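The next block holds one structure in the form of structure tokens; read it before the comments.
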Amino acid sequence: MGKDVIIACDFASGEETLAFLEHFTGRRPYVKIGMELFYAAGPDIVRRLKDRGHPVFLDLKLHDIPNTVKKAMAVLSRLDADMVNLHAAGTRAMMTAALEGLTRPDATRPLLVAVTQLTSTSEAQMREEILIDRPLEDVVAAYARNARVAGLDGVVCSPLEAGRIHEVCGADFLTVTPGVRFADAAKDDQTRITTPAGAKALGSDYIVVGRPITQAADPVAAYERCLAEFTD
Ligand code: C5P
């Protein structure tokens with residue numbers, strides 16, 4: 001399980017996404033569909049990518065009352081995504097309900113991972129606006145533990161947090177990590193970053209890579225480089 005590169009397909013339309021993936025002749029990389037693409041292209045984009053053989057991480061970060069999340073997850077599981085996510089802040093009750101909703105009649109289900117604190121949230125914002133007066137890394141670890149207790153498969157986190165999360169939640173608890181850049185490339189708006197090789201050394205199970213692949217002059221070569229650094 002795990003050790004794969006997931007391409008963040010942050011495109012504004014299904015057509016743009018499919019045109020981008022045409023570059024990958026014969027390869028079927030794991031892809032992430034986020035809110036922008038899902039809201040623009042609708043659920044059909046998940047079916048189209050699955051029909052073409054791509055594993056799909058549906059990154060919609062659900063957060064609502066348990067019953068609503070359970071029902072929404074039941075709809076998403078019928079799209080046959082391979083991984084979906086939610087906010088751990090929704091509580092263990094919400095996460096348990098999500099798992100129930102996701103589980104198909106044949107007992108299979110997509111992997112379910114939780115966002116702990118968004119990496120865009122600073123410790124100061126957490127303290128002053130969300131009124132959580134604890135060190136950020138402790139909050140991340142506690143939320144990850146809640147996700148583990150609720151039966152989830154892992155969390156989305158910074159690669160720099162992957163080691164602590166594995167210590168707290170076990171080696172088999174998945175860490176799905178964005179914030180990956182090549183050593184010789186632009187950081188864009190990411191801050192706490194590492195390279196694909198660094199993420200491997202830190203214990204990430206999946207790396208989520210967007211612009212270093214989607215904006216590359218040769219996206220297939222950039223993808224191959226990520227795979228080689230991360231999995232070899
Ligand atoms: O282009 P880039 O490699 O920065 O893309 C990373 C992807 O991971 C984006 O889709 C971004 O929304 C997502 N992400 C992130 N940090 C998080 C959660 C998700 O960068 N904490």
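The values are calculated or read from the model by the stated rules, or taken from the named source; none is laboratory data. Small disclaimer: the values here were computed from a predicted structure and weren't measured. Using ideal geometry, Cβ is built from the backbone for each residue, glycine included, and neighbour counts are taken over all protein chains shown. Heavy atoms of the whole protein, side chains included, go into the accessibility calculation; ligands, DNA and RNA do not. Shrake-Rupley method; radii C 1.70, N 1.55, O 1.52, S 1.80 Å.
Just a few scattered comments:
- Residue in the range 170-177 that is closer than 13 Å to Ala199 by Cβ, surrounded by fewer than 19 Cβ atoms within 10 Å (Cβ to Cβ) and either at pLDDT below 95 or under 12 Å from the mean Cα position of the chain (by Cα) (or both) present: no
- From Gly198, Gly210, Gly179, Gly170, residue being away from the ligand (no atom under 15 Å from the Cβ) and among the small types (Gly, Ala, Ser): Gly170
- Condition met for Arg134 (touching a strand residue (DSSP E or B) at 6+ places or on another chain (Cβ under 9 Å), open to solvent by 70 Å² or more (accessible area, probe 1.4 Å), away from the ligand (no atom under 16 Å from the Cβ) and free of Cβ contacts under 8 Å to residues at least 40 places away in the same chain): no
- For the range 140-169, filtering for residues that are under 14 Å from the mean Cα position of the chain (by Cα) and closer than 15 Å to Ala201 by Cβ leaves 3.
- Filtered residue count, the range 199-229, keeping only those that are open to solvent by less than 30 Å² (accessible area, probe 1.4 Å) and either polar (S, T, N, Q) or under 19 Å from Gly154 (Cβ atoms) (or both): 9
- Within the range 38-72, considering residues that are buried (at least 17 other Cβ atoms within 10 Å of the Cβ) and β-branched (Val, Ile, Thr), the one nearest to Phe24 (Cα to Cα): Val56
- Meets criteria (within 28 Å of Asp188 (Cα to Cα), open to solvent by 10 Å² or more (accessible area, probe 1.4 Å) and hydroxyl-bearing (Ser, Thr, Tyr)) for Ser158: no
- Criterion: of a type outside the set (A, V, I, L, M, F, W, C), near the ligand (Cβ under 9 Å from one of its atoms), at pLDDT below 95 and open to solvent by 10 Å² or more (accessible area, probe 1.4 Å) - qualifying residue of Asp184, Asp189, Asp232: Asp189
- Subset of the range 144-161 that is at pLDDT 95 or above and farther than 19 Å from Lys61 by Cβ - its residue that is nearest to the ligand (Cβ to nearest atom): Arg145
- Test set (1) without any contact (Cβ under 8 Å) to a residue 24 or more places away in the chain; (2) among the aliphatic types (A, V, I, L, M); (3) within 22 Å of Ser204 (Cα to Cα); (4) open to solvent by 80 Å² or more (accessible area, probe 1.4 Å) - Leu118 fails condition number: (4)
- Note on the range 5-34: among residues that are touching a residue at least 40 places away in the same chain (Cβ under 8 Å) and open to solvent by 40 Å² or more (accessible area, probe 1.4 Å), the one that is nearest to the ligand (Cβ to nearest atom) is Asp10.
- Within this structure, Thr91 passes the test of being at pLDDT 95 or above, surrounded by 15 or more Cβ atoms within 10 Å (Cβ to Cβ) and at positive phi.
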